[in-house]
Amino acid sequence: MPKTKKTIALIFPVNVGYSQMLTAGVIERHMEFPDWNFINLPRQTAGVSPLPEGNFPIDGAIVWCEPRDIFVRELAQQGIPVINCGMEWADEPGVVRVSPHIDDVNQMIITHFQSLGLKRLVILGHGLGTRPATQGVLQAMADIAQGMGLDAVVRDIGGEKGPSADPRRLLCYAEETHLQKLLRSLPKPSGIYCSGDYMGHLVCSVASYCGFRVPDDFAIMGGGGEVIGELSHPPLTSVLAPMRAIGRRAVDLMVEWISTGHIAESQVIVRGADLIERESTVGKSGRTILAAIRRYIEENAIRGISINELVERSQLSAKTFNREYWNAFGIKPIDEINQLRIAHARRLLMENKSSIGEVAQRCGFSSQAAFYNYFSRHTGMKPSQLIKSASR
């Protein structure tokens, strides 16, 4: 029976959120082309073609593949139009790339970390030595972050396979020695962006295994809007590239390419990005501003900060701010300031390397007398008594 319809293969990785979004975008457009067949051929393993052996006629392929998937080149060499919806396979003859506007995604990521009051950003990837386009994207993010005043670096989490390809890594934290060492070497607090939600889930788990607090020590973000991000501990903040729109655009380009025999563009950029805020960056408050204020308190309580200063930062009324802070963190902001300030003063006094006057100055008090009264009121003992007890 002669083939009357054009057949387009959809080749996306299995169990990946972006694959589902791409497919959803294709579905939104394919109903407008009743004379076209769209068949789903999930890519089970990187580097292994999902196409059946032998003569399997297709007229085009919309894919999301990486450099190991050499069948992309083989299809193009056979004269079959290929559209790749990822960052790899740029400038490959016979392959058109439809990809997100990376600056849109990067700006959203960096702006979110900045809004949390963070000054350091660590960008994590996997297998960067064999994925030059991905490494270039992550380095571009670091360059933008540095231009926006953040200290930013790119690091590889190590391991033979990434956590999305090797789910066993999500369960075996004790074996993640490279990642544990990496996290222990990082300054705190830091923002961590992971190039995928599976990686974000793994980093959250390893951070907790090592005794780090998320998001207090490390505010962690993934990418892709995967279901696993919702199952992470804590739930993972995630950035979404416009993959539905990319899927729709890929269909339009493929129809044009096959119908006319040529295509005008070898690369198409789709604008936009979305952010799903969850506990891994904004804490239990679920609000960026409250998470940022708590971080501000942790970094500045020692010098002495007023509630009025925090209320002004929150852009809420004093009553609403105090109520929402309590609901989010189970402590009043003034009590959190006092606890942090007293804890720092205790450490300095017990080290017995500074006089009471020097401690008062280092803790932001206008005079030794003011510090003496403050310390006695909040601890029930005089600074001199603490020094004496510590020296015994």
- Query: In the stretch 100-112, which residues are in contact with a strand residue (DSSP E or B) (Cβ under 7 Å, 6 or more places away or on another chain) and surrounded by fewer than 21 Cβ atoms within 10 Å (Cβ to Cβ)?
  - Reply: HIS101, MET108
- Message: I'm trying to understand the selection: among the residues of the stretch 346-356, which are touching a helix residue (DSSP H, G or I) at 6+ places or on another chain (Cβ under 6 Å), surrounded by 14 or more Cβ atoms within 10 Å (Cβ to Cβ) and not hydroxyl-bearing (Ser, Thr, Tyr)?
- Response: LEU348, LEU349, ILE356
- Message: Among the numbered criteria (1) closer than 24 Å to PRO100 by Cα; (2) out of contact with any Phe, Trp or Tyr (no Cβ under 6 Å at 6 or more places or on another chain), which one does SER19 miss?
- Response: (2)
- Does the stretch 16-39 contain any residue that is surrounded by 14 or more Cβ atoms within 10 Å (Cβ to Cβ), without any contact (Cβ under 8 Å) to a residue 12 or more places away in the chain, over 13 Å from GLY60 (Cα atoms) and not hydrophobic (A, V, I, L, M, F, W, C)? yes
- Message: Here is a check on your reading of the model: is GLY211 modelled with pLDDT of 90 or more and not assigned by TED's automatic domain parsing to the domain that holds PRO167?
- Response: no
- Within the stretch 242-272, work out how many residues are on the phi > 0 side of the Ramachandran plot and under 17 Å from the mean Cα position of the chain (by Cα). 1
- Task: State all residues of the stretch 214-268 that are of a type in the set (Val, Ile, Thr), crowded, with 17+ Cβ neighbours inside 10 Å and assigned to a loop (DSSP other than H, G, I, E, B); if no residue qualifies, say none.
- Result: VAL214
- Collect the residues in the stretch 154-181 that are within 18 Å of GLY222 (Cβ to Cβ) and hydrophobic (A, V, I, L, M, F, W, C), keeping them in residue-number order. VAL154, ILE157, ALA165, LEU170, LEU171, LEU179
- Query: Just checking, how many residues over the stretch 302-320 are surrounded by fewer than 16 Cβ atoms within 10 Å (Cβ to Cβ) and of a type in the set (A, V, I, L, M)?
  - Reply: 2
- Note on the structure: Per the list (1) under 23 Å from VAL268 (Cβ atoms); (2) in contact with a strand residue (DSSP E or B) (Cβ under 8 Å, 6 or more places away or on another chain), residue check on VAL122 breaks on (1)
- Conditions (1) under 24 Å from the mean Cα position of the chain (by Cα); (2) assigned to a strand (DSSP E or B); number of the one not met by ALA61: (1)
- Residues that are under 12 Å from ILE62 (Cα atoms) and hydrophobic (A, V, I, L, M, F, W, C), drawn from the stretch 86-109: VAL95, VAL96, VAL98
- Query: With ARG323, ARG346, ARG313 as the choices, which residue is out of contact with any Asp or Glu (no Cβ under 9 Å at 6 or more places or on another chain), part of a helix (DSSP H, G or I) and under 12 Å from ILE297 (Cβ atoms)?
  - Reply: ARG313
- Quick one: in the stretch 274-301, of everything that is at pLDDT 90 or above and assigned to a loop (DSSP other than H, G, I, E, B), which residue is surrounded by the most Cβ atoms within 10 Å (Cβ to Cβ)? ARG278
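The values are calculated or read from the model by the stated rules, or taken from the named source; none is laboratory data. Not measured: the values here are computed from a predicted model. As a convention, Cβ positions derive from the backbone with ideal geometry for all residues, glycine included, and neighbour counts pool all protein chains shown.
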